[in-house]
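Worksheet for the structure shown next.
The values are calculated or read from the model by the stated rules, or taken from the named source; none is laboratory data. Predicted, not measured: the structure shown is a model, and the values here were computed from it. Positions of Cβ are generated from backbone atoms using ideal geometry, with glycine treated the same way; all protein chains shown enter the neighbour counts.
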Amino acid sequence: MTTLNTTVEVNVKEQAKQAQKASKKLSLLTTEEKNEALNIIADVLEKETDYILQENNKDLERGKEKEFTEAFMDRLRLTEDRVKDFANGLREVAQLEDPVGEVLSDWNLDNGMQVEQVRVPLGVIGMIYEARPNVTVDATGLALKSGNAIVLKGGSNALNSNKGIVKVIHSALPKTKIPVDAVQLIATTDRKATSELFTMKEHIDVLIPRGGGALINTVVNNATVPVLETGVGNCHIYFDKAADAKKAINIFINAKTDRPAVCNAAETLIVHKEWLNENKDLLEKSLADNNIKIHGDEHIVNTFKDAVLADEDDWSNEYLGLEIAIKSVESTQEAIDHIETYGTKHSEAIITEDPESASLFRNLVDAAAVYHNASTRFTDGSALGFGAEIGISTQKLHARGPMGLPALTTIKYCMTGTGQIR
């Protein structure tokens with residue numbers, strides 16, 4: 001079993017070099033060999049649940065001492081069910097179609113040479129993320145299935161959990177065709193190690209940051225390695241004047257309260273004033289029943305007795321808890337303009353029975369995921385049938401939205417000739 005270095009003297013460059021070397025071997029494995037490995041890892045993770053929870057508890061105890069918020073603790077916490085979920089996530093990834101080797105297109109040139117455009121692994125993925133130990137498993141599974149080695153740098157608050165999970169994964173890999181060095185964890189709290197990863201262009205092919213805005217901006221602004229940018233989720237739900245009241249409130253409550261600490265939870269509710277005039281009591285009761293604190297504009301403050309006046313930060317805030325910003329508008333276009341100003345291009349929803357309003361919203365809102373009469377909570381790789389996701393991209397190049405297996409590949413042009421020269 002590979003020993004994980006927990007001191008500040010970790011050699012990030014050496015780990016990246018080991019991952020790069022392992023990626024060459026990994027790229028040659030068959031789909032069957034990769035699938036078998038993922039199933040073996042899943043079995044061992046479940047078998048070692050008690051050990052994983054023991055290591056996670058160390059982080060939870062430290063979190064209590066530091067008085068982390070309940071939302072933060074929820075992201076950090078593992079349970080038997082959550083371990084089973086991410087083990088099953090690996091099994092689901094094993095069942096997905098392997099993108100590696102897929103011929104996207106092919107044609108013959110006039111000179112008789114054959115050209116194929118083929119999917120190939122990116123190589124080595126650097127994954128930088130915060131206090132969600134499940135990401136350690138999800139990212140590893142997707143990387144390995146798509147033929148990539150991975151270098152993991154989780155948040156310091158989940159260090160024991162991540163070390164425990166990777167130790168279990170390393171114990172499983174010798175039973176497979178995948179080299180142990182294909183999965184690397186930078187097991188230190190030293191931020192210099194993360195900064196070093198940013199500039200490891202000769203060994204890391206892409207960086208994927210997953211976490212809060214500060215983390216993502218730090219990676220984007222400082223990395224020399226190409227970045228697949230995942231975004232924070234200031235997700236909006238807009239109640240159009242033609243929204244069905246029961247449907248609208250049910251969707252909103254789900255998007256806000258199902259798991260308020262995740263990036264696809266709703267953070268801003270935009271309400272057409274005509275709808276609000278007719279349904280104010282129903283909405284107010286639903287918010288109160290679910291203990292949701294309201295930050296609103298002047299009209300909202302005058303409408304709801306417990307609302308507090310929103311400031312500029314509230315319109316762009318990712319609360320990650322039972323708080324909501326509510327904006328009142330007089331048209332769908334005004335709602336779209338508000339989203340354009342404060343949105344993070346993650347997930348946006350309109351609730352309406354008017355197809356023209358729905359069409360305007362879907363066509364003009366610039367986001368990775370746009371919904372009509374559905375919760376933003378579906379912006380998730382598993383929910384959309386991709387299996388576990390490595391993150392949700394809010395950029396426009398290479399990948400956008402939940403990033404499953406195809407997003408972790410690139411293309412190669414392969415030419416076959418019979419002696420052609422130019």
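Condition first: in a helix (DSSP H, G or I) and either crowded, with 23+ Cβ neighbours inside 10 Å or of a type in the set (G, A, S) (or both). Now tell me which residues in region 385-422 satisfy that. If the condition is that a residue be in a helix (DSSP H, G or I) and either crowded, with 23+ Cβ neighbours inside 10 Å or of a type in the set (G, A, S) (or both), then L405, A407, L408 are the ones that fit. All of A42, A37, A22 fail the test of being modelled with pLDDT of 95 or more, of a type outside the set (D, E), touching a strand residue (DSSP E or B) at 6+ places or on another chain (Cβ under 8 Å) and surrounded by 14 or more Cβ atoms within 10 Å (Cβ to Cβ), apart from A22.
For region 260-283, a residue qualifies if it is surrounded by 15 or more Cβ atoms within 10 Å (Cβ to Cβ), over 16 Å from V370 (Cα atoms) and either within 33 Å of the chain's Cα centre (by Cα) or without any contact (Cβ under 8 Å) to a residue 12 or more places away in the chain (or both), and the qualifying residues are P260, A261, V262, V271, H272, L283. Please determine whether any residue of region 121-134 is touching a residue at least 12 places away in the same chain (Cβ under 8 Å), of a type in the set (K, R) and over 24 Å from V227 (Cα atoms). Looking for residues that are touching a residue at least 12 places away in the same chain (Cβ under 8 Å), of a type in the set (K, R) and over 24 Å from V227 (Cα atoms), one finds none in region 121-134, hence no. A single member of C235, C263 is modelled with pLDDT under 90 and either within 29 Å of E70 (Cα to Cα) or basic (K, R) (or both), and it is C263.
Yes/no per residue for (1) touching an Asp or Glu at 6+ places or on another chain (Cβ under 7 Å); (2) not acidic (D, E):
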{"position": "E229", "(1), (2)": "no, no"}
{"position": "N234", "(1), (2)": "yes, yes"}
{"position": "P260", "(1), (2)": "no, yes"}
{"position": "V271", "(1), (2)": "no, yes"}
{"position": "E284", "(1), (2)": "no, no"}
{"position": "H295", "(1), (2)": "yes, yes"}
{"position": "K305", "(1), (2)": "no, yes"}
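In the condition set (1) at pLDDT 95 or above; (2) buried (at least 17 other Cβ atoms within 10 Å of the Cβ), K177 is compliant with all but (2).
Can you pull out every residue in region 201-215 that is free of Cβ contacts under 8 Å to residues at least 40 places away in the same chain and in contact with a Ser or Thr (Cβ under 8 Å, 6 or more places away or on another chain)? Answer for region 201-215, where residues must be free of Cβ contacts under 8 Å to residues at least 40 places away in the same chain and in contact with a Ser or Thr (Cβ under 8 Å, 6 or more places away or on another chain): just K201.
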